[in-house]
Amino acid sequence: SADAVGRAADLLRRARRVVVFTGAGMSAESGVPTFRDALTGLWQRYDAQTLATPAAFHADPDLVWGWYEWRRAAVRRARPNPGHLAVATIEARVPDSVVITQNVDDLHERAGSPAPLHLHGSLFAPRCASCARSAPEPDGPPEEPADGRRTPPPRCAGCGAAVRPGVVWFGEALPGQALEAAVEAAASCDLLLTVGTSGLVYPAAEIPQVASRFGAVVVQVNPRETPLDAVAEVNLRGPAARLLPALVDATWDGTGPQ
Ligand code: APR
């Protein structure tokens with residue numbers, strides 16, 4: 001509602017150190033499916049355990065690699081939405097700001113965010129499953145792999161082992177440097193804007209709690225209620241692609257460099 005956007009704008013205008021924490025809902029309006037939305041979420045159509053675990057890749061690398069290639073192709077077809085652009089505007093307007101994302105797409109980067117922290121890795125950073133040497137991003141599958149088509153993974157140029165997606169699977173540790181930087185940013189910010197995450201998957205879901213525990217104000221953008229309602233000072237109930245531009249306009253009412 002307009003007054004909630006107004007209250008959020010007052011908080012954002014006064015903030016000196018801002019963290020924007022994003023989840024799959026950030027990319028929903030770019031046509032990239034979320035994980036847990038009823039019916040449309042990926043985990044409603046697939047069992048996460050049969051696709052997003054090291055054991056799944058070991059058991060059937062072609063199936064898992066093919067699925068992530070299908071997701072990568074979908075992201076390459078997608079475009080950043082006005083929500084991603086609004087996040088890049090916030091970063092441009094607030095000198096001490098950082099984007100922390102659970103998303104493995106590159107839509108924040110393509111919208112102009114200089115260096116989002118990827119807590120769950122990226123579809124665009126494949127690496128060797130054995131020696132961890134980074135592998136070149138396949139230059140786009142010849143024909144976009146159909147959803148669910150098995151595709152043999154490339155082989156590592158160094159040791160010949162299979163290349164794996166550069167994403168964090170269930171049961172795997174998050175990239176230490178990204179997580180450390182994210183906790184540090186959350187603990188020292190004065191406003192954390194959480195957008196499009198169900199706040200269910202740890203340790204990423206700790207980030208808004210850390211911010212709140214260290215005295216930051218939390219603002220949430222999500223059409224639905226989440227566990228983060230408990231720490232959110234302001235809840236903007238609706239889609240990111242509409243509410244984030246509205247928040248940016250209300251904060252800086254279109255003044256200065258757009
Ligand atoms: N704008 C904002 N939020 C939205 C929109 C939208 N247009 N559409 C849906 N949402 C919200 C949903 O209400 C939900 O709360 O986005 C959230 C998506 O939640 P999930 O699908 O659980 O995605 P996320 O929170 O990012 O999942 C965290 O779980 O599966 C793992 O590694 C995966 O990074 C992922 C992690």
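The values are calculated or read from the model by the stated rules, or taken from the named source; none is laboratory data. Note that the structure is a prediction, hence the values are computed from the model and not measured. In this analysis, Cβ positions are derived from the backbone assuming ideal geometry, glycine residues included, and neighbour counts consider all displayed protein chains. For the accessible areas, the whole protein counts, side chains as well, though only heavy atoms, and no ligand, DNA or RNA atoms are used. Shrake-Rupley method; radii C 1.70, N 1.55, O 1.52, S 1.80 Å.
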### Task
Quick one: count up the residues across the range 207-258 that are among the hydroxyl-bearing types (S, T, Y) and in contact with a strand residue (DSSP E or B) (Cβ under 8 Å, 6 or more places away or on another chain).
2
### Query
List, please: which pairs have Cβ atoms under 7 Å, are six or more places apart or on different chains, and start with a residue in the range 28-45 that is at positive phi and end with one that is at pLDDT 90 or above and more than 9 Å from the ligand (Cβ to nearest atom)?
G31/A78
### Query
Given P165, P245, which one is in contact with a Phe, Trp or Tyr (Cβ under 6 Å, 6 or more places away or on another chain) and in contact (Cβ under 8 Å) with a residue 60 or more places away in the chain?
P165
### Task
Have a look at V217, V201, V195 and point out the one that is within 16 Å of A8 (Cα to Cα) and within 16 Å of the ligand (Cβ to nearest atom).
V195
### Task
Need at least 2 residues that are out of contact with any helix residue (DSSP H, G or I) (no Cβ under 7 Å at 6 or more places or on another chain) and open to solvent by 20 Å² or more (accessible area, probe 1.4 Å) per element, so show me which helices (runs of 4 or more DSSP H) inside the range 1-53 make the cut, counting only ones lying wholly within it.
2-14, 42-45
#### Entry: Options L63, L51; residue that is among the aliphatic types (A, V, I, L, M) and touching a residue at least 40 places away in the same chain (Cβ under 8 Å)
L63
### Task
Could you identify the single residue in A230, A173, A181, A240 that is more than 9 Å from the ligand (Cβ to nearest atom), small (G, A, S) and in contact (Cβ under 8 Å) with a residue 12 or more places away in the chain?
A181
### Query
Would you pick out the residues in the range 99-115 that are of a type in the set (G, A, S) and surrounded by fewer than 24 Cβ atoms within 10 Å (Cβ to Cβ)?
A111, G112, A115
#### Entry: Test result for D96, farther than 19 Å from V168 by Cβ, away from the ligand (no atom under 12 Å from the Cβ) and open to solvent by 10 Å² or more (accessible area, probe 1.4 Å)
yes
#### Entry: Candidate set from the range 62-93 (those that are within 15 Å of the ligand (Cβ to nearest atom) and in contact with a helix residue (DSSP H, G or I) (Cβ under 6 Å, 6 or more places away or on another chain)); member that is modelled with the lowest pLDDT
W67
### Any hit, the range 245-253, residues being within 16 Å of the ligand (Cβ to nearest atom) and under 19 Å from the mean Cα position of the chain (by Cα)
yes
### Query
Just to be sure, is G158 of a type outside the set (D, E), over 23 Å from H108 (Cα atoms) and in contact with a helix residue (DSSP H, G or I) (Cβ under 8 Å, 6 or more places away or on another chain)?
no
